[in-house]
């Protein structure tokens with residue numbers, strides 16, 4: 001289960017955040033000041049930290065600085081201060097996102113989810129499609145059933161990686177071209193179709209795990225059937 005540490009000296013703020021995050025299936029740890037949070041963080045596993053700036057014993061600035069020195073867990077700062085210089089200071093210290101009180105709880109939930117997703121992708125750099133794993137750090141395709149691994153053409157890899165990163169999401173040809181070939185690409189958009197055809201042929205024997213589906217007139221999406 002994902003664990004979020006909420007650090008704020010205002011109890012009602014901590015409880016409000018906890019209720020909304022727990023509704024999303026997250027485990028929430030509440031801390032009332034920066035020093036308490038730092039001591040807990042040093043001894044326990046935490047996936048993300050939501051922290052206030054103005055707190056007793058150790059403020060959010062110092063806590064954020066220590067968290068960044070200790071690792072790269074995502075940090076979302078919440079503060080009553082909305083001045084641009086405060087936001088700049090937060091980002092300079094390493095916060096990933098910034099919200100100003102009063103805030104909308106549902107927006108906070110969406111931001112937490114986005115940070116967790118971004119963090120997990122940046123850390124793992126892998127996409128698993130059943131028995132097939134795409135490792136973006138090496139651009140290798142690894143096969144769980146045989147233990148083999150291979151390189152495939154970079155554009156094919158990037159195309160499958162993008163589709164596999166969000167199974168079920170529809171991608172139009174224009175979206176795929178902009179993300180993979182770039183905005184200045186002047187070739188035929190049918191090049192996407194050619195690459196999709198090659199991927200289908202290459203991974204035909206793994207169709208019981210995943211398949212690239214064509215939505216006529218719209219684009220493509222990847223469907224995963226087995227993990």
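All of the numbers you see were taken from the coordinates with simple rules; none came from a lab. Please read these numbers as outputs of a predicted model, since none were measured by experiment. When we count neighbours, we look across all protein chains shown, and the Cβ atoms used for this are built from the backbone with ideal geometry, even at glycine.
Worth a mention:
- Fewest neighbouring Cβ atoms within 10 Å first, the residues 195, 12 line up as 12, 195.
- Structure-derived Rg/Rh (Cα atoms, Kirkwood Rh) - corresponding label in [x] 1.07; [y] 1.00; [z] 0.96: [x]
- Percent of beta bridges antiparallel (DSSP, the chain, rounded to nearest 5): 55
- Only DSSP H runs of four or more residues enter the estimate; each adds -39500 (n - 2.57), and after division by the residues of the chain the mean residue ellipticity at 222 nm equals -12500 deg cm²/dmol.
- Per-residue Cβ neighbour rank within 10 angstrom, fewest leading, 145, 86: 145, 86
- Between 0 and 90°, nearest 10: helix 60-70 axis offset from the chain longest Cα axis: 50
- Axis of helix 84-93 versus longest Cα principal axis of the chain: the two differ by about 70°, to the nearest ten degrees.
- Angle in degrees between helix 11-23 and the longest Cα principal axis of the chain, rounded to the nearest 10: 20
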